[in-house]
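The values are calculated or read from the model by the stated rules, or taken from the named source; none is laboratory data. Keep in mind it's a predicted model, so treat the numbers as computed, not measured. Glycine gets a Cβ as well: all are built from the backbone with ideal geometry, and neighbour counts include every protein chain shown.
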Amino acid sequence: MTCYRLWTTLETKLVEMGILPKGRSLLACRVFCRRNGVKFPGKKTIEDNDDLINEIEKKFSQKKGHDMKKETKKTITASVKDAKAEKKSDDERKYSFRTIDIDKIFAQNNIRKTDEIADLVASISTHGIINPITVVHYTGAATYYNLVAGFRRYEAAKKLGLKSIPCHVIEDVDSLNEISLTENVSRMDMTPYEECVAVRHLINKKNTPAQIAKRFGRTLRWVLVRKKLADAGDEILEKVKAGQIALSAAAKLADLPDDVFKEELSEISGSLSDWDVKNILERTHMDLEKAPFDHSACLKCDKCSACQKDLFDDDPKAYCLDPDCWEKKVRKVAEEKAEGFKNDGYEASVGHEYENCADEIKNWQKDLLKQAEESGIKKRVIVNPETCKETWYYSKKDLPGYHEETEEEREVRRKKEEEQRVEDSVRKGMYEDLMKKRIAEKIKFGDKDDIIALLVFCCEDFDNLIDETEYDTLGIEHDEEDSCCIGLEDISDNARPCDFEDAIKGSVKHILDNIYGIKTLEKMYRIITFANPEEAKPTDKQVQAEIKCRSLAAKKSDGENNESENESQED
């Protein structure tokens, strides 16, 4: 049990469980585990396990049909070679420690930003440089060096005016950028922007996402999300740098095609919120199970979530991630349905109901519906291009004696409707103003009974009863920020009944202006003035005169504004 021999599959399982059988060196175990992708368990052993190993070898020999002893020499040779190769690998990269003049060190190709190092400068000023920086010999000049890792420490030392700095000099010149990036990423002190730039840099160096993930000890999804942001362009990276796009939020959209991903993030003006992410997902993730078309071929498309297992493998549903492709396929189905209805003799089209059914006979137009049914006309159908939903309706165009309005007739009708609208508005305004004027006159020269009647109409909203100019009459204390009268409790205890009369008389206009219901105003007019409101309605002649007067005033105002603009331009 002291010589090397072939490793059995069961022994490999023991290694995974943390059991190290006797007769195996730690070096051989390490080499074997690395070769087979098994995490090395360390020095965990179980004593007195010869019987267990013999049982393993017995089962293995019976199953595989080969003799362990015959392959001992081969195994020893292979294991020794592996051990030597491992030792060589461990010694491959050689370091030497020395103190080097800062002037002889060049800092180039640094992805990380070194502008915010005030805390590091203070720390080095107090404690010195604890961790040396890493450098490599400068090509063509043995006494000069290129900085590989430790750019922030290097900049802090320069700010402090240090003449020299402790360094690890590395002899291996391969993968220098990877050494620098690995150091920073492993410490997790890079900003999201720097992580994206670092991943892009390594991708440009012909590294695959899987290789980068393995090198940094990250998941493949971690790498792919940052690659996605870096590939989206400088505009998106600037938003990441400014903190407008968080990596956690972008990760939820990382399964989108590159062009859709870039377009959606470009349209975000502020920060990418959870609401934005939800809205984008609803707009771009179409459930293929609900597709109105045959989606069997879509399940193999690169723009299907089912083919994005590297990013998301926990969602059992398959989504179409290309809105344009989805829209084209749904519209094609809608057009085929509309064509089928046409072949059956129906008037059919593709479009939206609110756009294409402007001439629809509504349910409340019962006389037109009855006329359409009695005439035996066919319903029309419109197919929605986004949902393939069918909408059936009767069209006024199909009714007997239908006359389609021309553009000239439509323009004349619109002009008349606008004139009527203006006339009705002016008439109503004149009517209300005249009623309010007569009510105010009656209150001003009337008796206390009128005042009481006015209070009855306004007691529901005491804030609108007393004008601010009459607060002092009732001893109401107020300031500019809180100047409204809330209730009777705000009135002074020294107020007299005659003060109420004076305050209300002074607030008549304020009270009337806060009455917006025409019916309420007419009722008040009847009771207070003892007259019919119809008397206050203006005649057509009076309305036309008022409209003409307002039109002239508007033209005069426009002329004065134009003259003012011309004078300012001349100046």
Going through the stretch 235-253 in order, the residues found to be in contact with a Phe, Trp or Tyr (Cβ under 7 Å, 6 or more places away or on another chain) and outside any helix (DSSP H, G or I) are LEU253
Exactly one of TYR354, TYR393 is among the hydroxyl-bearing types (Ser, Thr, Tyr), farther than 30 Å from GLU546 by Cβ, free of Cβ contacts under 8 Å to residues at least 12 places away in the same chain and out of contact with any Leu (no Cβ under 7 Å at 6 or more places or on another chain), and that residue is TYR354
Going through (1) under 24 Å from the mean Cα position of the chain (by Cα); (2) in contact (Cβ under 8 Å) with a residue 24 or more places away in the chain; (3) not in a helix (DSSP H, G or I) one by one, ARG218 fails only at (1)
- Any residue in the stretch 490-497 that is assigned by TED's automatic domain parsing to the domain that holds LEU474, within 26 Å of ILE466 (Cα to Cα) and within 51 Å of the chain's Cα centre (by Cα)? yes
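Residues are listed down the side, and each one gets a yes or a no for (1) out of contact with any strand residue (DSSP E or B) (no Cβ under 7 Å at 6 or more places or on another chain); (2) at pLDDT 85 or above:
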residue	(1), (2)
CYS298	no, yes
PHE312	yes, no
CYS320	no, yes
ASP324	yes, yes
Across the stretch 222-234, the tally of residues that are touching a residue at least 24 places away in the same chain (Cβ under 8 Å), part of a helix (DSSP H, G or I) and surrounded by fewer than 17 Cβ atoms within 10 Å (Cβ to Cβ) stands at 1
